[in-house]
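Notes follow the structure.
All of the numbers you see were taken from the coordinates with simple rules; none came from a lab. Nothing here was measured: the structure is a model prediction, and the numbers come from that model. A quick note on method: Cβ atoms are made from the backbone with ideal geometry, for glycine too, and the neighbour counts reach across all protein chains shown.
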Number of protein chains: 2
Amino acid sequence: MSDPAQIRALVFDVFGTVVDWRGSVIRELAALGRAMRIEADWPAFADAWRAGYQPAMQRVREGALGWTGLDRLHRMILDDVLARFGIDLAEDERNHLNLAWHRLDPWPDAVEGLTRLKRRFVIGTLSNGGVGLLVAMAKRAGLPWDVVFSAELVRRYKPDPETYLMVPSLLGVAPAEVMMVAAHTGDLEAARRQGLRTGYVSRPLEHGKPAKVETVAQGAFDVVAGDFGELAGMMGA
Amino acid sequence: MSDPAQIRALVFDVFGTVVDWRGSVIRELAALGRAMRIEADWPAFADAWRAGYQPAMQRVREGALGWTGLDRLHRMILDDVLARFGIDLAEDERNHLNLAWHRLDPWPDAVEGLTRLKRRFVIGTLSNGGVGLLVAMAKRAGLPWDVVFSAELVRRYKPDPETYLMVPSLLGVAPAEVMMVAAHTGDLEAARRQGLRTGYVSRPLEHGKPAKVETVAQGAFDVVAGDFGELAGMMGA
């Protein structure tokens, strides 16, 4: 466990860590289905949409695709998933549905925990989502960020090192004064390789029930917490 | 006057428009002088420090100096002004004093006006100050930004076009959906050339008393207001 007094800023993974992307996207899909009288396995649709996320970013990371923002990647995947599910939507319906990723709901403990942490630390996003997405989401959900860091600002997706290193560079602090918070061990391990501190928060419902829960031992990261309230307590906020 | 319903985001010049740089820097200088038993004309010192600001940025704009963040420019100017005033400070005292620009006080109407505007619009900085400076200032002063845009993100100082164009690009909106708010006509004219809407707010005390007030007619910009409360009212917030 690192000393909270040495931490100046906490930056958060967003999809899955701060917001419930799966429940929110299913909600949007089901609402669209009701409005348009379309029946489908919406949880499976949401999972298929998300399953395209890492492969699409990987194409950008490897240079097979030039820099492409997440809204555009989400739309490319959506068009593919719609075709696979045999659903035809008009252009404006596709655009509206694609922006479901701007309208994700926070986990129940997120806003209160962030509000506590904000009193003591600079709090920000560090997400592969674009700036516009993160700002729109924060206003709708009441996420009280001090600053919005996005892969878009350096045109490199996590876990590329440049994305993590942007935070201490722009804040003018040392990497060890920044804690990356995520529900995903790979994100935290990549942050640690760049010298950042790490905070793991478990989100057992990210992939629905029954949960595919990563088992993370106390000591695996600088902080291991069950939710943002516990994280705030452990950080003295 | 533009229709507020067409505006999605308001971005604000910071030094002079949101915060009283001159009064705040004089306060810091006077406190240092008392602590170190140094007497000097602190208002003249503050004005000399600020007078180096545009020429220093101009060297960066013209390429005579590679990209250099504002903290570093402020420090270069500070060292020069200290020498001219015959004041010798140790390195840590210089560093602390240089960060006076992170500790500027808002004009009395700023926080309340921004809080009102935030309910209806995305509000952000668009400043030549660095990200770290803007975040530290906002936390100390309670400025409720949704997003922090800084010249540092594109490594181009206002009034270079790239700085203004960053805002609609990163928010994913049209330039005409963004309003630049400033107390300086040159900043607004440069924003307008890139297609942004413009809001002028008069800050007659920016340069102390007696005021050197720019006379700006209603109609010279999309909105002309006397303070942030009036601006919020004119924008329907």
Report ³J(HN,Hα) in whole Hz for each residue of the stretch B:223-233, in order, from the Karplus equation J = 6.51 cos²θ - 1.76 cosθ + 1.60 where θ = phi - 60°; Gly and Pro get x.
9, 10, 10, x, 6, 6, x, 5, 4, 4, x
Can I get the semi-axes of the stretch B:11-98's equivalent ellipsoid? Compute them from the C-alpha gyration tensor as square roots of 5 times the eigenvalues, in angstrom, largest first.
23, 17, 11
Nearest-first distances (nm) between copies at A:Asp88, label 7 Å from Cα via Cβ
8.4
Mind listing the phi-derived Karplus ³J(HN,Hα) values for the stretch B:140-148, rounded to whole Hz, using 6.51, -1.76 and 1.60 with θ = phi - 60°, and x for any glycine or proline?
5, 8, x, 7, x, 4, 7, 7, 10
Considering only C-alpha atoms, what is the centroid distance from the stretch B:132-185 to the stretch B:24-53, in Å?
28 Å
Pick out which of B:Met57, B:Met179, B:Met76 has the largest mean-square fluctuation in a Gaussian network model of chain B, springs linking Cα atoms closer than 10 Å.
B:Met76
Chain A, Cα convex hull volume normalised per residue, Å³:
117 Å³
Report the net charge of residues surrounding A:Gly236, where surrounding means a beta-carbon distance below 12 angstrom and charges are Lys +1, Arg +1, Asp -1, Glu -1.
+2
Straight-line reach check, B:Lys158, cutoff 12 Å on alpha carbons, 8 or more apart in-chain or any other chain, hits among aspartates and glutamates -> B:Asp13, B:Asp187, B:Glu189
Exam field: A:Gln58 pseudo-label spacings to other copies (7 Å along Cα-Cβ), nanometres:
5.4
Rotation relating B and A, chain A residue nearest the axis via C-beta, angstrom:
A:Leu153, 3
Are there any GluC sites (Glu not before Pro) in the stretch B:1-67 that are in a DSSP loop and have at most 12 other Cβ atoms within 10 Å? List them by number.
B:Glu39, B:Glu62
Along each principal axis, Cα extent of the stretch B:47-178, largest first, Å:
50, 35, 21
Can you compute the label reach from A:Thr115? Point 7 Å from Cα along the Cβ direction, backbone N cut-off under 13 Å, restricted to the stretch A:142-164.
A:142-145
Where the label is 7 Å out from Cα toward Cβ, how close does A:Val111 come to the same position in every other copy, in nm, shortest first?
2.1
Within the protein assembly as shown, the percent of DSSP beta bridges that are antiparallel, given to the nearest 5, stands at 5 percent
Directionally averaged projected area (convex hull, Cα atoms, the stretch B:105-237), nm²:
7.7 nm²
Long-range amide H partners of A:Thr198 with built H, under 5 Å:
A:Met180, A:Asp222, A:Val223
Sequence order, the stretch A:161-168: Karplus ³J(HN,Hα) from phi using 6.51 cos²θ - 1.76 cosθ + 1.60, θ = phi - 60°, Hz rounded, Gly and Pro as x, gives x, 4, 5, 5, 5, 4, 5, x
